[in-house]
Amino acid sequence: MGAVRTLIGTALVMALVVACGSEDDPVHANGGSGGGGTGGSAGSGGSAGSETPPECGNGKVEVGESCDDGNQDPSDDCDECRHVQCGDGVRNGLEGCDDGPLNGTGGPRDCRADCTRCGDGIIDPSAFEECDDGDDDDHDGCLNSCVQATCGDGIVRAEGEQCDDGNTDDGDGCSAICMDEGAAG
């Protein structure tokens, strides 16, 4: 009978140690999960609110940061302590645009899958851009479709054309070099 009592007593002590912890077990000490003093629910080794928030730009990757290059240069691959990625919906770094999941789903002036677009000032030969002056002015040397303006395209350029009737035929009022034929002297 004494052996049974000893066995039951030992089992109860072990159950209490497991349930409540011991000084050698900070996870379960003082009845909480996480340590940190009486009550034990404030995190490991401290009281609530004592954790220092991450500091973006200090060169150390901390909680909540995917990168920290120690600078504020938005044109590199780490901006505001997160990796720049085409398709994330935020225009940063060298991206001409970033419409997130809508990239590559629209027309020639919409954002492409590689975060470029006609009108971003970057000539993209893979998208058949002949030019890209970064503006919305069809009356200069580069059309809004990123095609080089030419006589006969139907758009009068501010410099070099008096008319543009959409063809290069002489004798129809606008010459093959986009000069007005009707005002002969």
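Summary of computed values
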{"quantity": "Alpha carbon convex hull of the range 119-163, volume per residue in cubic angstrom", "calculated": "60"}
{"quantity": "Modelled FRET efficiency - R0 22 Å, residue 158 with residue 179, Cβ distances, 0.05 increments", "calculated": "0.90"}
{"quantity": "Cβ-derived FRET efficiency at R0 25 Å, residue 144 paired with residue 90, nearest 0.05", "calculated": "0.50"}
{"quantity": "Spherically averaged projected area of the range 100-185 from its Cα convex hull (nm²)", "calculated": "6.2"}
{"quantity": "Approximate spin-label separation residue 62-residue 135, in nm, with each point projected 7 Å along Cα-to-Cβ", "calculated": "4.6"}
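Throughout, read-outs are computed from the coordinates displayed, never taken from laboratory work. Keep in mind that what you see is a predicted model, and the values were worked out from it rather than measured. Counting neighbours? That spans all protein chains shown, and the Cβs are built from the backbone with ideal geometry, glycine included.
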